[in-house]
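The values are calculated or read from the model by the stated rules, or taken from the named source; none is laboratory data. No experiment lies behind these values; they were computed from the predicted model shown. With ideal geometry, Cβ positions are generated from the backbone for all residues, glycine too; neighbour counts draw on all protein chains shown.
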Amino acid sequence: MAKLIFLWLKCLVSCCIVEAVFEDQVGKFDWRQQYVGKIRFSHFDSHVQSSKKVLMATEKNVFAALNTRTGELFWRHVDKTGPEGNIDAFLLHGQDALLVVGNGRLLRSWDISVGGLNWEVVLDSGSFQSACLIGQQDTVKHVAVLKKTVISVHYLSNGHQKWIENLPESENIDYQALYSGGNGEVYVLGIVPHSHIAIVVYSMEDGEIIKQTSVEAPWLSNIQTSCAVVGQGMITCVDSLTMSLYTLDMHTQSKMTQIPLQVCSYTNSKPYTKAELLIISNLNHDLKHCDYLVIYYLGCNTACSLSLFNAETGRRLLDTTQFLSIDPNVGKPESIYVQAFLKKDDSVSYRVLVQTEDHTLTFIHLPGRVMWTREEALSEVVTMEMVELPLTGTQAELEGEFGKKADGLLSMVLKRLSSQLILLQAWVSHLWKLFYDARKPRSQVKNEISIENLSRDEFNLQKMMVMVTASGKLFGIDSKTGSILWKQYLNNVPSNAAFKLMVQRTTAHFPHPPQCTLLIKDKDTGLATLHVFNPIFGKKSHITPPALTQPILQSLMLPLMDQDYAKVLLLIDDQYKVTAFPSSKNVLQQLQETASFIFFYLMDSSQGRLSGYRLRMDLSTEQIWEVIIPTEIQKVVTVKGKRSNEHVHSQGRVMGDRSVLYKYLNPNLLAVVTESTDVHQERSFIGILLIDGVTGRIIHEAVQRKAKGPVHVVHSENWVVYEYWSTKSRRNEFSVIELYEGMELYNSTVFSSLDRPHAPHVLQQSYIFPSAISAMEATLTEKGITSRHLLIGLPSGGILSLPKMFLDPRRPEIVSEQSREENLIPYAPELLIRTEWFINYNQSVSRVRGIHTAPSGLESTCLVVAYGLDIYQTRVYPSKQFDVLKDDYDYMLISSVLFALFFATMISKRLAEVKLLNRAWR
Amino acid sequence: MALPLSSKITIIFSIFTILSTRFVSCNNGRRLNNDPLEAEFNSFSVPLEHSFEVDDVANFEVRGALVLKAGREPSVSLAQQQLSEYDRAKLKEVAAVDGLYRIRVPRVLLQADRQTERLMDGHLTAFVRACAMVESHLSDVITLHTDVAGHLIGVSIVTIPGACRGSEVEDEVDLEAFNTTLSIMAPVNAPGPETALFLERMELETEKKGKNPQEQKSFFAKYWMYIVPLVLFLMMSGAQDPSGGGAGGGAANGGGR
């Protein structure tokens, strides 16, 4: 019988954790957006006249093709991150795209029509300089790759090497560029900065050096940035100092000719900030008769102009100038890619792909018509928050009625009546809309979400996702549809900034607008600025944040609120002085009252110093504890506290014998993860310290031997889960630590770190996990009743929802009656990945860097956003939808049964009455 | 080597007895360890300092001496004096304004070979509310934490009981001597996945199964009339979603055991 119980228990367990989407639910609650990142190289597909592809290789090591009509992805290839997958060069010839990857390690050829790999060859080592296609009698059959000391030529059809030659050795010549004129010769251009250009000519057939020359060019410092070869061996360089072009025919001339550019037609009093030679060669075949085109743009602060110039004469072509107005919300253009084509009347026209400082891609047709934009900044989301949407106008009206101070009976009655009237009006209009929509076909009824009609839905499932990106652009995205509702570019953000986003006031305090504060900190100097904005509309708040003159060490959000319901933000500078924001009188008074209960910690990982401070009345601080972890043994990599909006519903766990094991729920607990400095696989280790953030007391200290990072940690409730690489067994392992107070609580009413003398019981267990992971987070729900799941982003693109139940140190080795009673799963060393646990079914999310979870109004539902190269939003139901009726719930059946029962009772009652009456008569 | 060492031990032991007898009168029989010769026994002493001021500005004074014994299992003992009359009064005063009672120990390396290498610059500090110290009648628990290499990384102090209830404390009786529980903690080794035990258990189970297959078989034969309706019921309840299939799979796995 025991076996039977066990069996059914297992069944139940597997029942309640299985969750997957139905086929018809695909895309209903989730969406995915794919990005490519900031462009490094881009070419328009000019192979076919009607082609609408633009190919791009990006800083994120992505190679992709976009539709020029819509801006959507045709296909995308995501390579390894870091220098290994770095794309060094991108050449396009007809259907073939050639990429040099990983500092000249690999040469790849792709078929651009479908995005398939033609071939790949491994190149000899050496740092990459340049690559070019080599033509011979109007056909291109080879590709040359120039490295620091070596030049090699490969066949275009299969990648095989034709020949490889060493470059002529010289101390100070830096070989930088390659050129082939299509006559069987390969030109290698080297430079001695501010002196001369060296030209070495190789024979294409056997790699023999034909000619070596040098040309004076004292104004030139770098070929790659300021020169290009056009037409038949014409080197064209731009000198932005003298605003002139230099040209040199490599076949005949030995001296450069200077052509001053005609830029006087552009009249603007503001100084030019950028003058750059953009595109010279690589034009359409149809443009052969106007030999070279130069596109030149002049940037300035408010607008920039683009025009086509003839390279031979330096004359500007008519009707080709266009002005790009610079939106302050977008930043200045960084790079421009031009697709030139001939119109029907043989005049030249072009389309431009503009990449601006905020990594936005805009595709513009000549008269200035924007065809599409892509927000590539979203490929680098740093941090995010989900903010509740505000109430509708009518709801707000009702709220406002209660919010205001009472002013007389009559006016209150009138107010009530008026608000009821407004509600009635809203309801009628809602009914009318329903009726009106019902007549239209389903497909047309698509409510466009705009910033005006944003309002909270019934269960608070729709939220505003405020995303902060590395480029300094903020986005407000509707979580239901994924549409960008507002964007704001902060153009004063340093390139190495660290961001922290905090919600100071939610939408719950109606007359006051919600308020978010973004702390932008320069990582080098530590100087920080605050950007205060309304998360719903993205507008900068009129509240002026305090000026921060000192480097900021720590920021701290207090549960205290000022009279306008904004939470108080404390900023601690390097003098250990505290700045409060907002710093009204009310706040300062509250701070003085509670100063002795405000503790915070500082982590200095370079010295391994973790120290605790207490606030004083005068907003200075005093150090009260200090823990020093010697940096010669181990370095601190992560300090992780608990999330402040987390609720724990049950204080303990009911054991098999009906006693209660109480959880150690210390809200101030910090999990400190260290990695050993010794990286030898036998001696490396990972340290886990659990430290109370108020008292500095080390609650637990454990060492995972023969392990190394990167460590991913989740810290919640009374548990810490971490994942590491075991160097001994060469696999990924999970470990879980749970803390329990024991069978009785010390003080059940309130938790105080200052008064909790007994150390908790620590339980720990480890498991094997069959995959590496890239991000980890725990689900979060409104009241914390729903069981918890861990959301794990895998490098394969899947997001796994692993029940916390499997990571439970109380999983018994040997099954007993009590553990069965408690629903504990018997211990198995390996955690399996079940395919139905993937919450994103086939919607792979590339390079997940973070997962954000937020509670919704429904206890069963948790909103999840995974961000990395892509953004994926969905909902998860860790304990299934216990508080929601299913979509296909049979209302007919239940109501008919109800009615039937009702009538049955009525009839039977009647019958019973008759029977009683009859009996009474008898 | 052994001979001089043992002779040394005897010498030190004799000195030690002399010393302890000397201190008996003023230290209630507790030993105060300032003996430099002790260091050769792989044990050495560092001062434990405390500070409690009405204005909360740290001003550390020696409270006692910690004797640390390095080795495979480091141990620690503490010799400390009573609080003076003045200190007692001050402690009560600090407790009245809800000040802090802080302690600190210097950073040391337990496993070093030479005395000079042991001490590192800097201190480790911890605190407890002064009122808790008073109300617990100076019964505190001090724990020293070390890292894997034997560096002292942190110190913690708690009092038992830890709460401040504002109860009356008598000067002479309750605040006379410290009642300290002292321990030193090295990091515990976190367990890895228990594959060996699991495999052993699996083997045992299969062995058991092999021994009496009849009992196993008769189990299903006996209870099939309960199992079939249950399976049917489960299938019915979970018919719409794939959980039915999962349940079946789970059952199959369970049956295999």
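The range B:111-213 holds helices (runs of 4 or more DSSP H) entirely within its bounds, and those carrying 3 or more residues that are under 22 Å from B:Leu48 (Cβ atoms) map to B:115-118, B:130-135. Taking the range A:69-89 on its own, how many of its residues are closer than 23 Å to A:Arg351 by Cα and touching a Lys or Arg at 6+ places or on another chain (Cβ under 8 Å)? Selection size over the range A:69-89: 3. Reported count of residues in the range A:34-68, each being under 15 Å from A:Asp88 (Cβ atoms), in contact with a Leu (Cβ under 8 Å, 6 or more places away or on another chain) and not in a strand (DSSP E or B), is 1.
Go through the range A:767-797 residue by residue and tally those that are more than 19 Å from the chain's Cα centre (by Cα) and either away from every other protein chain (no Cβ under 14 Å) or surrounded by fewer than 18 Cβ atoms within 10 Å (Cβ to Cβ) (or both).
Looking only at that region, the number is 14.
A:Ala580 passes every criterion in (1) in a helix (DSSP H, G or I); (2) of a type in the set (A, V, I, L, M); (3) away from every other protein chain (no Cβ under 14 Å) apart from (1).
Scanning the range B:74-110 for residues that are of a type in the set (Ser, Thr, Tyr) and outside any strand (DSSP E or B) gives B:Ser84, B:Tyr86.
Table: residues versus (1) closer than 29 Å to A:Asp678 by Cβ; (2) surrounded by fewer than 15 Cβ atoms within 10 Å (Cβ to Cβ); (3) in contact with a Pro (Cβ under 9 Å, 6 or more places away or on another chain); (4) touching a residue at least 40 places away in the same chain (Cβ under 8 Å).
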| position | (1), (2), (3), (4) |
| --- | --- |
| B:Leu109 | yes, no, yes, yes |
| B:Cys131 | no, no, no, no |
| B:His151 | yes, no, yes, yes |
| B:Val155 | yes, no, no, yes |
| B:Val158 | no, no, yes, no |
| B:Gly162 | no, no, yes, no |
| B:Ser183 | yes, yes, no, yes |
| B:Thr195 | yes, yes, yes, no |
| B:Thr206 | no, yes, no, no |
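The selection criterion, being surrounded by 20 or more Cβ atoms within 10 Å (Cβ to Cβ), farther than 26 Å from A:Lys53 by Cα and not basic (Lys, Arg), does not hold for A:Ile112.
Within the range A:100-109, can you find the residues that are crowded, with 22+ Cβ neighbours inside 10 Å and within 22 Å of A:Leu73 (Cβ to Cβ)?
A:Val101, A:Ser109
Can you tell me which residue among A:Ser796, A:Ser801 is of a type in the set (Gly, Ala, Ser) and not in a strand (DSSP E or B)? Going through A:Ser796, A:Ser801 in turn, the sole match is A:Ser796. Using the structure shown, decide if A:Leu548 is within 14 Å of chain B (Cβ to nearest Cβ) and either under 30 Å from A:Leu389 (Cβ atoms) or touching a residue at least 12 places away in the same chain (Cβ under 8 Å) (or both). So A:Leu548 fails the test. The strands (runs of 3 or more DSSP E) found wholly in the range A:616-657 and carrying at least 1 residues that are surrounded by 16 or more Cβ atoms within 10 Å (Cβ to Cβ), within 14 Å of chain B (Cβ to nearest Cβ) and not polar (S, T, N, Q) occupy A:621-628, A:634-640.
Taking the range A:815-842, which residues are β-branched (Val, Ile, Thr) and in contact with a Pro (Cβ under 8 Å, 6 or more places away or on another chain)?
Correct list: A:Val815, A:Ile833.
Take the conditions (1) loosely packed, with under 13 Cβ neighbours inside 10 Å; (2) assigned to a helix (DSSP H, G or I); (3) modelled with pLDDT under 65; B:Ala239 misses just one of them, which is (2). For the range A:546-577, the set of residues classified as hydrophobic (A, V, I, L, M, F, W, C), under 19 Å from A:Phe499 (Cβ atoms) and in a strand (DSSP E or B) consists of A:Ile552, A:Leu553, A:Leu556, A:Met557, A:Leu569, A:Leu570, A:Leu571, A:Ile572, listed by residue number. Within the range A:890-906, identify whether any single residue is over 30 Å from A:Asn61 (Cα atoms), at pLDDT below 95 and touching a Ser or Thr at 6+ places or on another chain (Cβ under 6 Å), and answer yes or no. No, every residue in the range A:890-906 fails to be over 30 Å from A:Asn61 (Cα atoms), at pLDDT below 95 and touching a Ser or Thr at 6+ places or on another chain (Cβ under 6 Å).
Restricting attention to the range B:124-142 and to residues that are facing another protein chain (nearest Cβ under 10 Å) and β-branched (Val, Ile, Thr), the residue that is nearest to the chain's Cα centre (by Cα) turns out to be B:Val141. Looking only at the range A:485-529, residues that are among the small types (Gly, Ala, Ser), assigned to a loop (DSSP other than H, G, I, E, B) and under 18 Å from the mean Cα position of the chain (by Cα) come to 1 in all.
Looking only at the range B:143-171, residues that are more than 7 Å from chain A (Cβ to nearest Cβ) and closer than 17 Å to B:Ser183 by Cβ come to 7 in all.
Looking at A:Glu741, A:Glu733, just one residue is in contact (Cβ under 8 Å) with a residue 24 or more places away in the chain and touching a Ser or Thr at 6+ places or on another chain (Cβ under 9 Å), and that residue is A:Glu733. Return yes when A:Ile686 is within 27 Å of A:His852 (Cβ to Cβ) and either modelled with pLDDT under 90 or within 11 Å of another protein chain (Cβ to nearest Cβ) (or both) and no when it is not. So A:Ile686 fits the description; yes.
One residue alone among A:Asp174, A:Asp124, A:Asp88 is acidic (Asp, Glu), in contact with a strand residue (DSSP E or B) (Cβ under 9 Å, 6 or more places away or on another chain) and within 30 Å of A:Ser844 (Cβ to Cβ), and that residue is A:Asp88.
Exactly one residue out of B:Leu119, B:Leu100, B:Leu83 is touching a residue at least 40 places away in the same chain (Cβ under 8 Å), facing chain A (nearest Cβ under 10 Å) and over 22 Å from A:Leu689 (Cβ atoms): that is B:Leu100.
Of the residues making up the range A:618-645, those that are more than 15 Å from A:Ala671 (Cα to Cα) and among the charged types (D, E, K, R) are A:Asp618, A:Glu622, A:Glu626, A:Glu632. Of all residues in the range A:699-721, those that are more than 30 Å from A:Ala854 (Cα to Cα) and within 13 Å of chain B (Cβ to nearest Cβ) total 7.
Evaluation of A:Ser349 against the conditions (1) at pLDDT 90 or above; (2) part of a strand (DSSP E or B) shows that the sole unmet condition is (1).
The condition (being farther than 25 Å from B:Cys164 by Cβ, part of a strand (DSSP E or B) and away from chain B (no Cβ under 13 Å)) is satisfied by just one residue among A:Leu661, A:Leu739: A:Leu661.
Quickly run through the range A:747-766 and pick out the residues that are touching a strand residue (DSSP E or B) at 6+ places or on another chain (Cβ under 9 Å) and within 12 Å of chain B (Cβ to nearest Cβ).
A:Ser753, A:Leu754, A:Asp755, A:Arg756, A:Pro757, A:His758, A:Ala759, A:Val762, A:Leu763, A:Gln764, A:Gln765, A:Ser766
Quick check: anything in the range A:644-655 modelled with pLDDT of 90 or more and of a type in the set (Asp, Glu)? No, every residue in the range A:644-655 fails to be modelled with pLDDT of 90 or more and of a type in the set (Asp, Glu).
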